[in-house]
Structure formats: C-alpha cells, structure tokens
Amino acid sequence: MTQKKHILALDQGTTSSRAIVFDALGQAVSVAQREFPQIYPRPGWVEHDPDAIWKTQLNTARRALRLAKLSAGDVAAIGITNQRETTLIWDRATGKPIANAIVWQDRRTTEMCKELKAAGHEADVQARTGLVLDPYFSGTKIAWLLNSDPALRARAEAGELAVGTIDSWLIARLTNGAVHATDPTNASRTLLYHLTDAAWDPALLDLLGVPQALLPEVRASAGDFGTAVGEHLGIEVPIAGVAGDQQAALFGQGCWEAGLAKNTFGTGAFLLLNTGAEAVPSTRGLLTTTACDAEGGLAYALEGSVFIAGAAVQWLRDGLGLLDAAPDSEGMARALDDNGGVYFVPAFVGLGAPHWEPDARGMLVGLTRGTSKEHLVRAALEAMAYGTAEVLAAMEADSGVETTELRVDGGAALNDWLMQLQADVLDIPVRRPALVETTALGAAGLAGIATGVWGSASDFLGVQEEGASRYEPSMGEEARTQLTSQWDRAVRAAVRWAQDV
Ligand code: ADP
C-alpha cells in the first residue's frame with residue numbers, strides 16, 4: 001500500500017481541460033479548469049490546437065495541486081480521462097504536432113465513409129470493431145491526415161511519426177516522449193481495434209491505409225503508463241489509469257459488472273451498459289465498445305445516445321425565452337398535475353438509437369388552447385426520460401440483460417422531478433451519487449486501484465456510497481403504459497413526417 005493518498009485526475013474535455021485532486025475518501029479536494037479555443041477552419045470541420053490542450057491541461061494540474069496545498073510528492077498517481085475519438089499526429093523525435101487535432105465532431109471524412117459503405121465494408125467493420133462507418137470515429141481522420149500530404153505517409157511508414165487520441169498525446173507529453181500508449185476504451189473508438197482480439201486489426205489498418213508503426217501500444221486501463229517527468233509537476237508521478245470519458249464515468253459510477261448501466265444527462269444523454277466479458281453485437285443500432293472490469297481490465301459495454309436531452313431545455317430557455325435558468329424547469333414541471341397530453345420529440349438533428357431517422361426533426365404534438373409554457377417545459381423533461389428508456393430497452397433486448405438500477409450523472413441529473421419520472425418510466429430505481437464528477441472520479445479510481453490507494457474496486461465504491469440519492473419507482477403500470485404509449489405515438493409521427501416527403 002502506498003503512503004501517498006491523493007490522486008490527480010486529468011479530465012481533458014472538448015471545450016476545457018480540468019484537473020481534480022481526489023483524496024482517499026474519493027472527495028474532490030480541489031478543481032481547476034481552463035477553456036481552450038475551438039477552431040472551425042471550414043463548415044463541418046472542428047479542430048483543436050494540441051499545444052493548447054497540453055498547456056491548459058498542465059496548467060490546471062499545477063493549479064489543482066497548489067489549491068489542494070499539496071505537492072506532487074503527495075500524489076500516488078495520475079489518472080487520465082479524455083474526450084474520445086479526437087485524433088492527432090506528432091513527430092516522435094521532437095514531440096511536435098504535425099497538424100491540429102481533428103475533433104470527434106468533425107465531418108470532413110463523410111465522403112470517405114460513404115465510399116467505404118458503398119464498397120460493402122460496413123458489416124465487416126461493425127463485426128470487428130462494434131462501430132459503424134461514421135466520421136465520428138478516429139480511423140478515417142487518421143487516413144485523412146495521411147492523405148493530406150504524401151510526405152507524411154513515407155515518414156509514418158518509417159516510424160518517425162506517432163498517432164494518438166488525446167490520452168496518448170497527454171501521456172507522450174507528460175513522459176517527454178518516453179511512452180506512446182493508449183488503453184482499450186480509447187482504442188475501441190478508432191475503427192482500427194478488434195474488439196474481441198483486443199488488438200489492432202491488420203485488416204482494418206489495411207482497409208484505411210494506416211501503418212502499424214504509427215499506433216500506440218494498448219495497455220490495460222489500470223496499470224503502468226509511464227511516469228510524468230519531474231519538470232512538469234515538480235516531482236515524478238506515475239500515470240496509472242486511463243479511460244475515455246464515457247467509460248471513465250461508467251467506472252466512476254461503479255458499473256464494472258455485467259448488468260450495471262449509467263446515463264449521463266448533459267447536452268445529449270449518453271448511456272452505457274456493462275455486458276461483462278461478452279462483446280454483445282447490436283441489432284438495434286447501438287455501438288459495442290470496451291469498458292473496464294473491477295480491476296480496470298477489459299470488459300465490454302453497449303453504448304447508445306440520445307442526441308438532444310438537456311439541449312431541449314436550453315432551447316426553450318435561449319431560443320424561446322420560456323425560462324430563465326435550466327433548473328427552473330423542475331418547479332415548472334411540478335406545478336402541473338399532468339402533462340396535458342403534450343409531447344415534445346426534440347429530434348433537432350434527427351433521431352438516434354433505436355429509430356435512426358436522420359431526417360426527423362423536432363415535433364410538438366397534443367397542443368390545445370390550454371397549453372402553457374409549463375407544458376412545453378415539462379414535455380422537454382419528459383422527453384429525456386422516454387428517450388433514455390428507449391435506449392435502455394434496446395440495450396436489454398440486444399444483450400438479454402435486465403438492468404435493475406440506472407445510475408445517473410450530468411447537469412440535468414440534478415433535476416429531482418426528472419429523476420423520479422425516470423425511475424417511474426423505467427420501473428427500476430435511479431441512483432445519483434453525491435459527487436456527479438463521475439468522469440474524473442472514474443479516472444482517479446483506475447489510477448488509485450492500480451497503485452494501491454484503494455485495495456479493490458469495492459473499497460473505491462465504498463467511499464462514494466455516502467450521500468447518494470435514490471429514486472424508487474412509484475407509478476402504477478397503467479399510468480406508465482399510458483405515458484410511454486403516447487410517447488411512442490409521437491415518435492412514430494415524427495418518423496412519418498421525415499419519410500412522407
Ligand atoms: P454538457 O457536459 O453536455 O455540456 P452538463 O452535464 O453540464 O452538459 O448539463 C447541462 C445540460 O443540462 C444543459 O443542456 C441544460 O439545459 C441541462 N440542465 C442543467 N440543469 C438542469 C436541470 N436542473 N433540469 C433540466 N435540465 C438541466
């Protein structure tokens with residue numbers, strides 16, 4: 001057991017870099033956060049400056065340590081969690097980026113994905129990776145970078161260059177280039193990693209024209225990722241935990257066994273269901289991906305998202321001015337006896353799992369002269385609960401696993417009315433931890449288990465039990481069926497609207 005009892009979690013997100021120091025009780029002792037610029041060179045393109053990512057991350061790490069009045073010598077390990085899929089290439093010798101990072105949101109490889117689909121590759125890619133051919137994932141972004149300059153490919157083949165997701169980039173910088181590594185949760189988002197072989201797949205490297213010499217070594221999420229050299233934090237600190245943001249949140253929620261699921265209620269809703277040692281293929285449009293088991297080793301998960309969740313409340317606030325602040329939605333929903341027959345399908349950017357109708361658009365149904373702004377706000381909250389229930393039902397149907405509890409985090413999970421409705425609609429309990437920073441906590445948990453700060457995953461879970469809120473289902477069968485069947489009708493109407501052109 002280490003005498004050092006703190007963990008430094010680095011949470012590298014899409015719009016900001018954060019660093020949180022956790023103590024052995026899993027409490028956040030200090031937090032530092034820095035935003036960095038989003039770069040939009042052309043419509044549909046989104047880039048990040050890798051040096052801005054590194055500088056803001058290092059700066060917040062130093063600041064969090066200062067705020068905690070700790071020196072790096074008190075820190076047992078660093079855990080890293082990161083925005084997934086975002087990819088960059090750097091020069092191994094100098095550590096300098098070759099170009100800006102291409103962000104997960106970037107759509108520049110849409111044509112490449114269409115061509116691969118037209119050539120009939122999707123089923124095979126899906127069987128190997130659990131993913132679909134979409135610009136979202138790293139593989140076609142790497143191919144695009146290599147195709148953008150003929151000189152790069154030769155250098156890549158000669159082993160002069162390194163490619164990586166943001167975790168790899170931070171590890172390379174922290175170790176001054178000594179370690180080029182990633183973990184399975186990040187690797188499984190690249191379109192290059194074979195899910196069940198748990199290794200880079202030569203057939204996929206060949207398909208996308210990516211030389212093996214570019215790729216990082218894949219190491220277990222809890223384990224040895226090298227040592228941050230002394231010049232960065234004042235003393236050497238081992239890097240001992242790495243996971244992509246959603247998988248880190250799953251681990252931080254204690255969902256390291258089959259059947260445990262979490263939902264992050266943010267701008268969108270992100271659900272993951274741990275399926276244990278089995279990689280479950282989806283027939284309902286979900287992704288199969290890797291997750292962490294109780295030791296931080298390899299497990300599998302089904303992943304599904306609702307594109308618009310909290311963003312619908314944001315739109316009612318900023319677009320229509322119906323409320324001043326998102327938390328006001330709770331009182332407005334509560335003020336009504338029922339939803340007045342109003343349903344809001346917020347398909348602003350199409351419908352995702354399990355409907356997959358990209359041409360769907362938002363739809364409000366059931367309006368009468370008596371419909372008030374409270375009804376619209378309530379309908380936006382209800383939509384989050386129904387959308388979540390649809391994705392969870394698809395996960396259960398794909399996996400044959402019955403979930404017994406949903407663990408929640410994210411901004412909108414603070415809405416008690418919504419969480420009660422969620423429990424009622426699912427007819428299972430909903431549990432919200434006291435600390436909703438589950439992403440950073442998950443990275444800290446992996447690093448702390450690897451270095452003995454926590455003897456086991458249950459020691460780590462034990463520290464978080466206190467202060468959790470639990471919502472027990474209390475709605476009768478008839479009322480639940482009435483609500484969900486009306487929601488189904490509304491979604492069918494939105495799909496019809498998209499298709500009946
Ligand atoms: P992200 O990380 O995706 O930016 P957050 O987890 O910070 O999102 O959650 C913010 C989202 O949740 C916003 O879209 C906001 O409208 C919504 N939200 C925040 N608080 C509440 C609340 N109390 N009730 C309902 N929605 C909320």
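The values are calculated or read from the model by the stated rules, or taken from the named source; none is laboratory data. Worth saying up front: this structure is predicted, and the values here are computed from it rather than measured. A quick note on method: Cβ atoms are made from the backbone with ideal geometry, for glycine too, and the neighbour counts reach across all protein chains shown. For accessibility, only protein heavy atoms count, side chains too; no ligands or nucleic acids. Shrake-Rupley method; radii C 1.70, N 1.55, O 1.52, S 1.80 Å.
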Worksheet entry | Carbon + sulfur, % of accessible area of the chain - ligands and nucleic acids excluded, 1.4 Å | 51
Worksheet item: How would you rank 412-419, 302-309, 227-234, highest first, on the average number of other Cβ atoms within 10 Å across their residues?
Response: 302-309, 412-419, 227-234
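Under a Cβ-only charge scheme (Lys and Arg +1, Asp and Glu -1), can you give me the dipole magnitude of the chain about the Cα centre, in debye to the nearest 20?
Dipole size: approximately 1240 debye.
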Worksheet item: Kirkwood Rh, Cα Rg: Rg to Rh for the stretch 356-416?
Response: 1.05
Fill in: Amide hydrogen neighbours beyond the local backbone of I428, cut-off 5 Å, H modeled
none
Worksheet entry | Under 5 Å, built H, 5+ apart or other chain: amide partners of A291 | A299, Y300, A301
Worksheet item: In nm, to one decimal, how far is the modelled label at D324 from the one at D51, with both set 7 Å along Cα→Cβ?
Response: 4.5
Worksheet item: When DSSP assigns beta bridges and you keep just the ones with both residues in the chain, what percent turn out antiparallel, to the nearest 5?
Response: 70
Worksheet, complete the sentence: Beyond 30 Å (Cα-Cα) in this structure, taken from K69/K96; K5/K262; K96/K262; K114/K262, we find K69/K96; K96/K262; K114/K262
Practice prompt. Calculate one ³J(HN,Hα) per residue across the stretch 342-352 by plugging θ = phi - 60° into the Karplus curve 6.51 cos²θ - 1.76 cosθ + 1.60, and present them in order as whole Hz with x for glycine and proline.
Written response: 9, 10, 10, 9, x, 7, 4, 10, x, 9, x
Worksheet item: What is the set of long-range amide H partners of I239 at a cut-off below 5 Å, with H atoms built 1.01 Å from backbone N?
Response: I78, F225, G226, T227, A228
Item to complete: Please work out the average accessible area per residue across the chain, using the 1.4 Å probe convention, and give it in Å².
Response: 39
Worksheet entry | Compactness of the chain, expressed as Rg and Dmax over alpha-carbon positions, Å | 22.5, 70
Item to complete: Please give, to one decimal in nm, the separation of the simple spin-label points placed at A118 and T481, each 7 Å out from Cα toward the Cβ.
Response: 4.9
Worksheet item: To the nearest 0.05, what FRET efficiency results for S372 and I39 with a Förster distance of 41 Å applied to their C-beta separation?
Response: 0.45
Worksheet item: Going 7 Å from the Cα of R496 toward and past its Cβ, which residues in the stretch 366-387 have a backbone nitrogen under 18 Å from where you end up?
Response: 366-368
Discussion item. From the phi angles alone, apply the Karplus equation (6.51, -1.76, 1.60; θ = phi - 60°) to the stretch 112-118 and give each ³J(HN,Hα) in whole Hz, x where the residue is Gly or Pro.
Written reply: 4, 5, 4, 5, 5, 5, 4
Fill in: Estimated 222 nm signal from helices in the chain, with DSSP H stretches of n ≥ 4 weighted -39500 (n - 2.57), rounded to 500
-11000 deg cm²/dmol
Worksheet item: So for the pair V365, T283, with labels modelled 7 Å out along Cα→Cβ, what separation do we get in nm?
Response: 2.7
